[in-house]
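Read the figures in this text as sums done on the coordinates, not as results from a lab. Everything quoted here is computed from the prediction, not taken from an experiment. Don't worry about glycine lacking a Cβ; one is built from the backbone with ideal geometry, like all the others, and counts go over all protein chains shown.
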Amino acid sequence: MQRNPLTKLGLKKRLWVAFSFATFFPLSLLLYYLINFKTLSWFVVGIIVFIIFLGWWFIFNVFSSILRIQSRSFKTLEYIKEGKRELEETEIEDEVQKLDMVFSILSSKVRESVEELKKVSFKTEELNRKIAQKVNIFSTILQVHALFSQGSSVQSILQFLVERLREILASKTVMLFLKKKNQGYNYFCCGIPTSLVEGILKREDFLSFLKEEKYEVMDKNHPKEKFAFHKDVLNVKNILVCPIISSQKNIGVIIVGNSLDDFAFSEEDLETVKLFAHQTGILWEHSLLFQKIEDLEIYDSLTGVYNEKFLLERLGEEIKRAVVYQRPCGFILFRIDNYSALQNELGLVKAERVLKRTINEIKGNIRPIDIIGRIGEEKIGVILIEKNKRQSKEAASQLKEKLESLPDFNCKISFAVAESPLDGENASQLFTQANSYLNNSS
């Protein structure tokens, strides 16, 4: 589509060109001939008429542009259904004034649209922020369950929860207090030194507050001073306290605080803290249940022999039986010295196969009445019924020789022997002494 060359000129320039052609140039020619007393020829008259025609053509072009703008403006009003009735009810017949009114209506509509767009943009931004927060919360919950299923300690998971809650709420500090079985509290904190938390746990007003285990909020919307420790010790102005409930019992609290002026916790903040408190309660219940299951288990899941807890219980029973019948009770503590190196060299799976092979060989070369179990990661304990220290050393030496004579057996084995009551009157003392012998021999 070809454009009119005149559109390259502005409206003022086009009007000035039109005025020049319609009046200035013709008058200049007429004055020239009148001053010099020359007669006008038909050629000059034709030039004057042509120049005047060009001037009016420019004027027509300018007003055509204005009329096109007016027509498009009216169509725009009809399209957006704004101001049409107001324009029809006016008694103004001047097109220029009507065009001015159209521009006023369109300008007002544009301003309203811009304001509406700003509001939509703000709402979209707020919605994106809320969505990001929900995603962070959901991601945190999934990570917590993944960490728990992977066998991570409850302490590390709770610390992770505290750090994530502080990040999500952009708070200055977050603290989590959980009751101990006997008395006192376990605590997990972020954004505050542990020494400060230990100091606040010595304050009577704070301990009495913890015992109340109530839901408390202190901010711009809840200005009532119910306690002062958050300002005196924690140095925060706004604080949110949410109790943690497990099996219908309060087991602790989560405390969130910041130092922002004119701040109020939102409903989303309150719901987030409640959700984290709920997850903490669930995690605590699972950890207690897992602990009970572990207490009931007696076998090591990898090797199938007795685990450390049950082996030491059996050792205690055998020591008591030996005391009653005045018979000796021997104990051998084996160790695979290069187990960590095997894990790095062969990988975890192959190193565990080596461990299982070692335990199976020991188990196959001891008496049926003797008891074997796994202790820690790389140690193996054997209870020798009615064998003294000398007999236990002989048995341990024979077992080590058999292990080292096996084909493709690349383990370095060391052992220590202890006897009850010579090296200890109970299982703990006997195991500690054997472990000491083993460490001194390496």
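Restricting attention to the stretch 203-284, which trypsin sites (Lys or Arg not before Pro) occupy a DSSP loop and are surrounded by at most 16 other Cβ atoms within 10 Å?
Those satisfying the criteria are R203, K214, K220, K224, K226.
Can you list the HN-Hα couplings for the stretch 176-191, worked out from phi with the Karplus curve (6.51, -1.76, 1.60; θ = phi - 60°), rounded to whole Hz and with x for Gly and Pro?
With the stated coefficients, the stretch 176-191 comes to 10, 10, 10, 5, 7, 5, 8, 7, x, 9, 8, 9, 9, 9, 8, x Hz.
So what are the ³J(HN,Hα) numbers for the stretch 216-223, from phi and the Karplus equation (6.51, -1.76, 1.60; θ = phi - 60°), rounded to whole Hz, Gly and Pro as x?
9, 9, 10, 7, 4, 7, 10, x
Take the alpha carbon gyration tensor of the stretch 167-234, find the square roots of its eigenvalues, order them as a ≥ b ≥ c, and report rounded if a/c is under 1.5; if not, report prolate when a/b exceeds b/c, else oblate. Intermediate values should be presented prior to the final figure.
Values: a/c = 1.62, a/b = 1.23, b/c = 1.31.
Oblate.
Any idea what the relative contact order of the stretch 376-442 is, in percent, if you count C-alpha pairs under 8 Å spaced at least 6 apart? The partial results should precede the final answer.
On the way: 35 pairs, mean separation 16.4, N = 67.
Value for the stretch 376-442: 24 percent.
Show me, for the stretch 274-290, the HN-Hα J-couplings you get by feeding each phi into the Karplus relation (A = 6.51, B = -1.76, C = 1.60, θ = phi - 60°), rounded to Hz, glycine and proline as x.
Rounded to whole hertz, the list is 4, 5, 5, 5, 5, 5, 5, x, 5, 4, 5, 4, 5, 5, 5, 5, 5.
Would you grab the residues whose amide H sits under 5 Å from the one on I251? Only those 5+ places off in sequence or on another chain, please, with H modelled 1.01 Å from N.
Sorted by chain and number, the residues that satisfy this are I244, I245, S246.
Quick one: dipole size for the stretch 308-441, taken about the Cα centre, charges +1 on Lys/Arg Cβ and -1 on Asp/Glu Cβ, in debye to the nearest 20. Show your work: numbers first, answer last.
Details: 21 positive and 19 negative charges, 50 e Å.
About 240 debye.
What does the net charge come to around N186 if you take all other residues with beta carbon closer than 11 Å to its beta carbon, with K and R at +1 and D and E at -1?
Details: positive: K179, K180, K181; negative: none.
So the surrounding residues net to +3.
For G424, enumerate residues with amide H under 5 Å from its amide H, sequence gap 5+ or separate chain, H modeled in the peptide plane.
none
For the charge dipole of the stretch 270-313, defined by +1 on Lys and Arg C-beta atoms and -1 on Asp and Glu C-beta atoms about the Cα centroid, which residue among N307, L283, I293 has the Cα displaced farthest towards the positive pole?
The residue sitting most towards the positive pole is L283.
Once Rh for the stretch 153-294 is found with the Kirkwood sum over Cα pairs, what is the Stokes-Einstein diffusion coefficient at 25 °C and 0.890 mPa s, in µm²/s?
Approximately 159 µm²/s, per Stokes-Einstein.
Taking amide hydrogens as modeled 1.01 Å from N in the peptide plane, which residues meet the under 5 Å criterion relative to A264, leaving out close sequence neighbours?
K220
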